[in-house]
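Visitor: Got a structure for you, written out below as structure tokens; questions coming shortly.
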Amino acid sequence: MKLASLKHRRDGKLVVVSNDLAWYADAAHIAPTLQAALDDWDRLEADLRNLATDLEHQVIPRERFHERDAAAPLPRAYQWADGSAYVNHVALVRQARGAEMPDSFWHDPLIYQGGSDGFLAARDPIPGGDHDWGLDFEAEVVVVTGDVPQGADRHQALAAIRLVGLTNDVSLRNLIPAELAKGFGFFQSKPASAFSPVFVTPDAISDFWRDGKLSRRLMVDLNGQPFGRADAGVDMTFDFGTLIAHIARTRALCAGSIIGSGTVSNRDADGGPGRPVADGGVGYSCIAEIRTVETIRGGQPTTPFLQSGDTVRIWAENEQHHSIFGAIEQTVS
């Protein structure tokens, strides 16, 4: 089942979307918003699934689904917690800075709590701001949970995953070092994130959803050229069950919590830093990583951060090369 929110007031209007992303059916008679559906999931899930089945069989009124009309599936959320599950990404960034990689990073997940009071739609522009801030994209996988009790284990955490999607976790790289040096975490360096037009239930991608990981390539184009083709199911040190259980160690999560994987990152075939797509590698899911590799290999970065007019596109495909979640496609304003 695929769910989306059309742009309508602050929290959008819930719709069920066909598997090919071509059509939608209004779900307002079941739940007015996605958050309302998540709050009462046990009671409403069957009705939403029946609506999705009727949509596929074309036995109910339907309308054309246009990704540009979609808000973020959750235009605002009670919680947005982002991890760094691909430790290869962390290791590369620290190597470029000459910083030691603590061994704990390989068995104790990194998590930060981001701003969740407002998210960008998949086709909204990225506010440019000051070019000296170092504007970057981060292509990630996300999940949305139901209620998760404090102390939940990994299996309970996996069972609480309701939806899967993608995000562009926008970062201001040049503001990060000073913020982290204060010892109090990200804030100004993490503006609003954008999400894929649709989120899908894990059973709808059962061939690709294995052990709390999405085993598909995360496709990233920058200004129309292939930039990243990393496999989200490879080199993920902490699966989503582990991430959620880590978060729930000291607090419960409420329905509608969004959990991010962190930047998807793969090692090269020889175990070293990844290579650009143009050089036969799988590329990168953010600009910071290619700048890191350039620094390691050449002493300094050469790829600039995002500038006004740059466009980034993020999506994932099934085996028939059809988009699974729709595409995040944003231009810097």
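Visitor: Considering region 84-114 alone, what residues qualify as being of a type in the set (Gly, Ala, Ser), assigned to a loop (DSSP other than H, G, I, E, B) and loosely packed, with under 15 Cβ neighbours inside 10 Å?
Guide: If the condition is that a residue be of a type in the set (Gly, Ala, Ser), assigned to a loop (DSSP other than H, G, I, E, B) and loosely packed, with under 15 Cβ neighbours inside 10 Å, then 98, 99 are the ones that fit.
Visitor: Mind telling me which of the residues 59, 93 ends up being under 30 Å from residue 267 (Cα atoms) and of a type outside the set (Gly, Ala, Ser)?
Guide: 93 is the lone residue from the list that is under 30 Å from residue 267 (Cα atoms) and of a type outside the set (Gly, Ala, Ser).
Visitor: Give the residue that is most open to solvent (accessible area, probe 1.4 Å), with candidates limited to residues of region 221-246 that are among the hydrophobic types (A, V, I, L, M, F, W, C) and within 16 Å of residue 89 (Cα to Cα).
Guide: So, considering only residues that are among the hydrophobic types (A, V, I, L, M, F, W, C) and within 16 Å of residue 89 (Cα to Cα), the one most open to solvent (accessible area, probe 1.4 Å) is 234.
Visitor: Could you please find all residues in region 303-316 being open to solvent by 40 Å² or more (accessible area, probe 1.4 Å) and touching a strand residue (DSSP E or B) at 6+ places or on another chain (Cβ under 8 Å)?
Guide: 307, 308, 309, 313
Visitor: Could you please give the count of residues in region 317-333 that are part of a loop (DSSP other than H, G, I, E, B), over 18 Å from residue 17 (Cα atoms) and either open to solvent by less than 10 Å² (accessible area, probe 1.4 Å) or among the charged types (D, E, K, R) (or both)?
Guide: 1
Visitor: Condition first: within 21 Å of residue 16 (Cβ to Cβ) and either open to solvent by less than 60 Å² (accessible area, probe 1.4 Å) or within 14 Å of the chain's Cα centre (by Cα) (or both). Now tell me which residues in region 182-213 satisfy that.
Guide: Hits for region 182-213 are 195, 196, 197, 198, 199, 200, 201, 202, 204, 205, 208, 209.
Visitor: Also, I was wondering about something else. Within region 261-277, can one find any residue that is open to solvent by 50 Å² or more (accessible area, probe 1.4 Å) and part of a helix (DSSP H, G or I)?
Guide: Scanning region 261-277, I find no residue that is open to solvent by 50 Å² or more (accessible area, probe 1.4 Å) and part of a helix (DSSP H, G or I), so the answer is no.
Visitor: Still on this model: Against the conditions (1) open to solvent by 20 Å² or more (accessible area, probe 1.4 Å); (2) in a strand (DSSP E or B), where does residue 80 fall short? Just the number, please.
Guide: Checking residue 80 against (1) open to solvent by 20 Å² or more (accessible area, probe 1.4 Å); (2) in a strand (DSSP E or B), the one that fails is (1).
Visitor: Counting only residues that are open to solvent by less than 50 Å² (accessible area, probe 1.4 Å), over 24 Å from residue 317 (Cβ atoms) and in contact (Cβ under 8 Å) with a residue 60 or more places away in the chain, how many does region 35-66 have?
Guide: Of the residues in that region, 3 qualify.
Visitor: A follow-up question, please. Could you tell me whether any residue of region 289-301 is touching a helix residue (DSSP H, G or I) at 6+ places or on another chain (Cβ under 6 Å) and over 26 Å from residue 179 (Cβ atoms)?
Guide: No, region 289-301 contains no residue that is touching a helix residue (DSSP H, G or I) at 6+ places or on another chain (Cβ under 6 Å) and over 26 Å from residue 179 (Cβ atoms).
Visitor: Of all residues being charged (D, E, K, R) and assigned to a loop (DSSP other than H, G, I, E, B) in region 194-216, which is nearest to residue 71 (Cα to Cα)? Just the residue, please.
Guide: Step by step, filter region 194-216, then rank; the result is 216.
Visitor: Taking the residues in region 179-200 that are of a type in the set (A, V, I, L, M) and at pLDDT below 95 as candidates, determine which candidate is farthest from residue 217 (Cα to Cα).
Guide: Looking at the filtered set, the residue picked out is 181.
The values are calculated or read from the model by the stated rules, or taken from the named source; none is laboratory data. Predicted model, so just to flag it, every value in this text is computed and none were measured. In this analysis, Cβ positions are derived from the backbone assuming ideal geometry, glycine residues included, and neighbour counts consider all displayed protein chains. When the accessible area is computed, the model is the full protein with side chains, heavy atoms only, and any ligands, DNA or RNA have been set aside. Shrake-Rupley method; radii C 1.70, N 1.55, O 1.52, S 1.80 Å.
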